[in-house]
Amino acid sequence: MRRDRDIAAPLMLALVASVAFVWATPFIWTVLASFRPEGAGSAGMATLIPHLNPTLSNFRNALDSGSFGLYYVNTAIVVGGVLLVQCVTVSLAGYAFARLRFAGRDVLFYAFLLQLMLVPPALIVPNLRTIVDLGLYDSLAGAMAPYFASAFGTFLMRQTFRAIPRDFEEAAAIDGAPWWAVVWYVLLPMARPGLVAFAIVSVTAHWNEFLWPLMVINDPGNHTLTIGLAAFTRGAEGGKEWGVLAAGTLLVMAPLAVAFVAFQRRFIDSFVFSGIKG
């Protein structure tokens, strides 16, 4: 039995390493191609590595060709605005479903979770009509509005609040603290890992969101990174400038990659703390 385990462990490690390499291959190629001189980025990875000859000219050309500074600002506004409102809505909804007692609470909660079963493209037409009626079409506010509430965030915060003992809020209530003070000063500090876990999911999803901003935004001055990258790639592909194309792609995904590397341990700890409990 021990011999079988000794053989299985290296095989499993090799399998995991192989799968990880396959998944990482597009990213590795993008990084290598983005540092290659113009005209050499279309080569395969095997020839890119020994003849890398790194240069930053692709990044300069990408920044000159596309308004990435504007795209970064617009994306930061959309991502930050959505996350700020979501933190308020999911915290209050999660508290209501976890702590308050009212008729039909569980039925309403499960009905609320039905949103998770809806495919986002199925909501594009009604959402677009609502945005037009509200006068938010072709604006960053229109790109943010449909995401101000989150069924997943509500579920995650409900589970996080339920994992916190009631003793803390009961002690605050005995001292005369109103419910909002209990939520703000007692529950939310203890639920911070759950909020961090949700923030990771929210920022990642809306940083990479493409279809909805494409539908609701026409003004180039309001383009986010994903829309700007799509317009940028159409121009770069016309000249087969694969190095510039790779550099522009890396500019879009680099912030999330750097954030993950810098806060990897915090990310993992947050998800472990906010694990799904009954």
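The condition of being surrounded by fewer than 17 Cβ atoms within 10 Å (Cβ to Cβ) and not charged (D, E, K, R) holds for Ala149. Please indicate, with yes or no, whether at least one residue in segment 188-202 is out of contact with any helix residue (DSSP H, G or I) (no Cβ under 9 Å at 6 or more places or on another chain) and assigned to a helix (DSSP H, G or I). The answer is yes; a qualifying residue exists.
The set of residues from segment 167-196 being within 29 Å of the chain's Cα centre (by Cα) and over 20 Å from Ala96 (Cβ atoms) comprises Pro193, Val196.
Based on this model, can you work out whether Leu108 counts as farther than 17 Å from Ala247 by Cβ, modelled with pLDDT under 85, part of a helix (DSSP H, G or I) and of a type outside the set (Phe, Trp, Tyr)? No, not satisfied. Counting only residues that are exposed (fewer than 15 other Cβ atoms within 10 Å of the Cβ), among the aromatic types (Phe, Trp, Tyr) and in contact (Cβ under 8 Å) with a residue 12 or more places away in the chain, segment 80-124 holds 0 of them. Restrict the check to segment 162-172 and report whether at least one residue is within 20 Å of Leu84 (Cα to Cα), surrounded by fewer than 22 Cβ atoms within 10 Å (Cβ to Cβ) and not small (Gly, Ala, Ser). No, that holds for no residue. Of the numbered criteria (1) out of contact with any Phe, Trp or Tyr (no Cβ under 8 Å at 6 or more places or on another chain); (2) over 14 Å from Gly248 (Cβ atoms); (3) modelled with pLDDT of 90 or more, the one Ile49 fails is (3). What is the residue count in segment 63-79 for residues that are in contact (Cβ under 8 Å) with a residue 12 or more places away in the chain and part of a helix (DSSP H, G or I)? Residues in segment 63-79 being in contact (Cβ under 8 Å) with a residue 12 or more places away in the chain and part of a helix (DSSP H, G or I): 11 in total. Consider segment 120-165 and keep the residues that are in a loop (DSSP other than H, G, I, E, B) and under 17 Å from the mean Cα position of the chain (by Cα). The one that is farthest from Arg99 (Cα to Cα) is Phe148. Residues in segment 203-234 that are in a loop (DSSP other than H, G, I, E, B) and over 13 Å from the mean Cα position of the chain (by Cα) were compared, and the one that is surrounded by the fewest Cβ atoms within 10 Å (Cβ to Cβ) is Asp219.
The values are calculated or read from the model by the stated rules, or taken from the named source; none is laboratory data. This one's a predicted model, so the numbers in the text were calculated from it and none came from an experiment. Note: ideal-geometry Cβ built from the backbone for every residue, glycine included; neighbour counts use all protein chains shown.
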